[in-house]
1. Beta carbons within 10 angstrom, averaged per residue: use that to sort the peptides 26-37, 150-161, 65-76, 211-222, highest first.
2. Tell me, what is the FRET efficiency for ASP218 and ASP145 to the nearest 0.05, using R0 = 25 angstrom and their Cβ-Cβ distance as r?
3. Full-extension gain between ASN50 and GLU209, please, as 0.36 nm times their residue separation minus the C-alpha to C-alpha distance.
4. Which of the pairs LYS112/LYS252; LYS26/LYS55; LYS26/LYS111 have their Cα atoms more than 25 Å apart in this structure?
5. Using amide H atoms built in the peptide plane, which far-off residues or other-chain residues are under 5 Å from LEU109 H to H?
Amino acid sequence: MNPLRIALAAALALAVHAEDAESPGKVALNAMKKYDTNGDGAISKSEAPNGEFMKTYDGDQDGRVTGTEIRQVEEAARDKSRMEMPKRKPYFRGLDDFGDHDLDADGRLSKKELDSYVHDGADNNRDGFLSEEEFRYVDRSPRADTAVDLDSFDKLDADRNRLLSVTELALPRAYLDSLDRNGDRGVSKEELIETQVERWGGVPGPNAEVVLRRMDADGNGELSRKEFDGRDRLWNEINGYRPEKEDAALSKEELEAYFRRVRDLRLKANGFLTRYDMNGDGKVTRDEFDGPDAAWDRCDTNGDGLITRADGPE
């Protein structure tokens, strides 16, 4: 089916059944009640609200739209939306889920893959869509020194169902560019790690006591969501992306564990490349690696035949 027809069908569905998403059958019933003014069981050209209505729903092009035709178009649109929705895990694991979004396994996120990664991180209830409330969790400052203007929720919500699918969350190119430190038009795991570390002043960077002194407004030795200064992605990264912990505070111990994790990721990658990258090109080939096949397969996490810092080798 023509994508334009699907988009038009979704737009018309909003006008027919108001703000709440309804079943294809209900959409068809409401449309027939509204536009079939002579009650003959079909909507003619003269009864249709506009020409696009007929283009969208008159599948057999006989100049009449039946309830069955409307339902079929609506079902096709809904099925397409479901097919495009990635399978959600019980909770988002941040950098550990990098590979799930790197669909071409090239070790970096393209524009569409980054959209999917960000969408996954903000989907707190794990239903595959972003509500208006969840959309607020999309980080407007992908880097500490860079703010990016996002399109409004209403502008992104193409089908007007008050939910953003993965395909609807189109981040501006500036979002990727702010994370793309080497200018290769993609975002590697290494670049995401560097960005997180940068937010905290570098590595070894501040320890938990420094962070608590700066951000613990009520002085209780923990950080609440409100005290966390709007760093939604980083909050989720430290907090484990577990919905049941959404209202929990971050303790000093949890902060320290996070800092150790980020430091370990960098040190593991740096140490591996220093040892095996013989020609200094930032990549380790199988010829350069003198370990067993099992170790190579474990380190080459994206299976591209090269090991880079993006693989986070051990």
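Laboratory data are not the source of any read-out in this text; all were calculated from the coordinates shown. Predicted, not measured: the structure shown is a model, and the values here were computed from it. Methodologically, a virtual Cβ is constructed for each residue, glycine included, from the backbone with ideal geometry; neighbour enumeration extends over all protein chains shown.
1. On the way: 26-37: 18.2, 150-161: 15.4, 65-76: 20.6, 211-222: 13.7.
Order by mean packing, descending: 65-76, 26-37, 150-161, 211-222.
2. Calculated transfer efficiency: 0.35.
3. Extending this stretch completely gives an extra 50.8 nm.
4. LYS112/LYS252; LYS26/LYS111
5. Here the answer is VAL187, SER188, since their amide H atoms fall under 5 Å of that of LEU109.
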